[in-house]
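Undergrad: I have a structure here, written as structure tokens, and I will follow up with some questions on it.
The values are calculated or read from the model by the stated rules, or taken from the named source; none is laboratory data. Being a predicted model, the structure only gives us computed values, none of them experimental. We place every Cβ from the backbone using ideal geometry, glycine too, and count neighbours over all the protein chains shown. Note: areas computed on protein heavy atoms with side chains; ligands, DNA, RNA excluded. Shrake-Rupley method; radii C 1.70, N 1.55, O 1.52, S 1.80 Å.
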Amino acid sequence: MNKLNQDGAASGLAVSLILTVVLLLGAIGFGYWAYASRQDYKDNTDAKIDVAVKKAVAAESARKDKQFTEDYKKPLKTYNGPSALGSIVVQYPKTWSGYVDATTSGDAALDAYFNPNVVPSVEDENSTFALRVRLLNQPYPDVVDDYKGQNSIGKTATISAYALPKLPKVVGVKVVGAISERSDGTIIVLPLRSQTLEIQTDGNQYLNDFNKYILPNFTFSP
């Protein structure tokens with residue numbers, strides 16, 4: 001009987017000893033990890049602060065550059081179209097250039113192109129423009145039907161009602177997506193007397209300028 005008690009006591013002591021060793025090793029490991037982390041933070045504090053400062057400076061510089069770019073677009077330039085063609089008024093950033101054909105011949109009575117710095121070749125079908133304004137010698141319903149037809153040939157275009165902020169009573173449509181068989185963009189289509197006015201930006205690169213400067217300031221005489 002005494003032998004059993006001695007064996008049980010010995011087993012309990014061994015288990016306690018093992019648990020104590022495991023806990024001690026765990027405490028030593030945690031202590032080493034905590035010390036190493038603290039030492040790393042202490043050793044690299046200056047470097048980490050330097051990285052954080054550089055990121056903050058870069059972010060502020062980018063913000064100022066963006067603000068400067070926006071401010072430099074003002075005051076806006078103004079194009080005034082002939083009164084015979086509806087007295088179209090286009091206001092656009094002063095950093096853009098324009099090319100206007102108002103020869104009143106062909107499919108368009110007026111075809112105007114605007115782009116930052118230099119206007120690309122208007123003869124090259126692959127050229128894209130920040131802004132294009134056309135007065136087509138076609139009835140408004142026919143032009144809108146052409147854009148609706150884009151969806152029937154596998155192109156995707158979203159068409160919704162639209163009116164310019166300065167001419168809320170002249171309601172046309174906004175086409176977003178496939179504005180032609182070869183390109184995407186955004187185009188406003190409006191009736192102008194017996195003709196059709198189109199205000200277009202290719203792609204999305206200048207969509208912000210289109211919405212911020214062009215459309216809010218665009219007007220004509222219905």
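Undergrad: Go through the range 165-222 residue by residue and tally those that are in contact (Cβ under 8 Å) with a residue 60 or more places away in the chain and part of a strand (DSSP E or B).
TA: Looking only at that region, the number is 10.
Undergrad: Further, regarding this structure: Of the conditions (1) at pLDDT below 95; (2) surrounded by 13 or more Cβ atoms within 10 Å (Cβ to Cβ); (3) assigned to a strand (DSSP E or B), residue 158 clears all except one; give me its number.
TA: Residue 158 satisfies every listed condition except (2).
Undergrad: Limited to the range 98-144, what total is found for residues that are closer than 24 Å to residue 219 by Cβ and polar (S, T, N, Q)?
TA: The qualifying residues number 5.
Undergrad: Just to be sure I understand, how many residues within the range 208-221 are surrounded by 15 or more Cβ atoms within 10 Å (Cβ to Cβ) and out of contact with any Gly (no Cβ under 8 Å at 6 or more places or on another chain)? Lay out the reasoning, then the answer.
TA: So in the range 208-221, the residues surrounded by 15 or more Cβ atoms within 10 Å (Cβ to Cβ) come out as 209-210, 213-215, 217-220.
With the extra rule that they be out of contact with any Gly (no Cβ under 8 Å at 6 or more places or on another chain), the set shrinks to 209-210, 213-215, 217-219.
The qualifying residues number 8.
Undergrad: Can I ask one more? Kindly indicate which of 133, 189 is open to solvent by less than 10 Å² (accessible area, probe 1.4 Å), of a type in the set (A, V, I, L, M, F, W, C) and more than 16 Å from residue 211 (Cβ to Cβ). Walk me through how you get there before you give the answer.
TA: Values: 133 fails: more than 16 Å from residue 211 (Cβ to Cβ).
The match here is 189.
Residue-by-condition table, conditions (1) within 16 Å of residue 136 (Cα to Cα); (2) surrounded by 14 or more Cβ atoms within 10 Å (Cβ to Cβ); (3) among the basic types (Lys, Arg); (4) out of contact with any Ser or Thr (no Cβ under 9 Å at 6 or more places or on another chain):
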position: 82; (1), (2), (3), (4): yes, no, no, no
position: 86; (1), (2), (3), (4): yes, yes, no, no
position: 98; (1), (2), (3), (4): no, yes, no, yes
position: 102; (1), (2), (3), (4): yes, yes, no, yes
position: 113; (1), (2), (3), (4): yes, yes, no, no
position: 119; (1), (2), (3), (4): no, yes, no, no
position: 124; (1), (2), (3), (4): no, no, no, yes
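Undergrad: Please state which one of 205, 138, 200 is closer than 21 Å to residue 81 by Cβ and surrounded by fewer than 20 Cβ atoms within 10 Å (Cβ to Cβ).
TA: On the way: 205 fails: closer than 21 Å to residue 81 by Cβ; 200 fails: surrounded by fewer than 20 Cβ atoms within 10 Å (Cβ to Cβ).
Answer to the check: 138.
Undergrad: What number of residues within the range 100-149 are of a type in the set (Gly, Ala, Ser), more than 21 Å from residue 172 (Cα to Cα) and more than 24 Å from the chain's Cα centre (by Cα)?
TA: The total comes to 4.
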